[in-house]
1. Residue 206: net charge of surrounding residues, Cβ under 11 Å, Lys/Arg +1, Asp/Glu -1, itself excluded?
2. How big is D, in µm² s⁻¹, for the range 121-221 by Stokes-Einstein at 25 °C and 0.890 mPa s if Rh is the Kirkwood radius over C-alpha pairs?
3. Using a 7 Å offset from Cα along Cα-Cβ at residue 127, what residues in the range 179-204 end up with backbone N under 15 Å from the label point?
4. For residue 25 and residue 189, calculate 0.36 nm times their separation in residues minus their Cα-Cα distance, and state this gained length in nm to one decimal.
5. Rounding to the nearest 10 and keeping the result within 0 to 90°, find how far the Cα-based axis of helix 102-112 lies from the longest principal axis of the chain.
6. Quickly work out the residue 241-to-residue 139 label distance, labels modelled 7 Å from Cα along the C-beta direction, and quote it in nm with one decimal.
7. With labels modelled as points extended 7 Å from the Cα through the Cβ direction, what inter-label distance (nm, one decimal) is found for residue 177 paired with residue 208?
8. Suppose the Debye formula is applied to equal point scatterers at every Cα of the range 50-155; what is log10 I(q)/I(0) at q = 0.12, 0.17, 0.19, 0.21 Å⁻¹?
Amino acid sequence: MSAQGLSTNNLSVFYGEKQAVKKVSMDFEERSVTALIGPSGCGKSTFLRSLNRMNDLISGARIEGEVWIGDKNICDPHTDVVRLRQRIGMVWQKPNPFHKSIYENIAFGPRYHGVKGRKQLDEIVETCLRKTALWDEVKDRLSQSGLALSGGQQQRLCIARSLAVQPNILLMDEPASALDPVSTAKIEELISELKKDYTIVIVTHNMQQAARVSDRTAFFFLGDLIEYDDTQKMFTNPSKKSTDDYISGRFG
């Protein structure tokens, strides 16, 4: 599956009368990792969820502006949201495997989208587990519950589940914040591998993690996009004082 261009144009998100994201325009580089950073409540997770219309599920939420994937504006009311979320995978902060076997966690999505043959499903399961460096750890217990895995393994299973429906883009909302340091390192290593094939956008509160895994970084504050640049420049020579203050720990 090829990567896919992603951009926003004057994107705003409201919860009732409260504006959580304010006219953000960004272009995301294909096959790269973009980190969204900023203090709690700055709008970064809300912005991330708008990239595959997950905010539609929140009562009172509404979007203004545009989100473009290739030549399609996904904010168009005629967008097939199920198909959209197939193309843009989502990995949440807390691992959330289905109450099913390891095998069925991954086979569920392809089966839902019409893949029926056991041989093809077997291949998808193995491929996705290999991509997430999980195959060797679980290949002899695919019939066991995904909930029996460790936290770090569960999160890699959830990433494998996202890959099973062949997305172009992966959204990750603090995917390692609930994990121990060893599991976090594995997730970061995995992100570096996956960007060879996918466009990845990650929300993280961990400055060191953003510096380690991302190619570009966006700093949000009070719903505004303050600065967006190459990660190395953002962390060594930011253009805005507020970015420097946040990255250096003077606030947030």
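1. Working: positive: 212; negative: 174, 188.
Residues close to residue 206 contribute a combined charge of -1.
2. On the way: Rh = 14.3 Å.
In µm²/s, the coefficient rounds to 172.
3. Inside the label zone: 197-198.
4. Values: separation 164, 0.36 × 164 = 59.04 nm, distance 2.91 nm.
My answer for the length gained is 56.1 nm.
5. The angle comes out at about 80 degrees.
6. So the label points at residue 139 and residue 241 sit 5.8 nm apart.
7. That separation, rounded to one decimal, is 1.8 nm.
8. -0.54, -0.91, -1.02, -1.12
Here, each number is a calculation from the coordinates, and none is a lab measurement. Computed from a predicted model, the values in this text were never measured in an experiment. All Cβ positions, glycine included, derive from the backbone under ideal geometry; neighbour counts span all protein chains shown.
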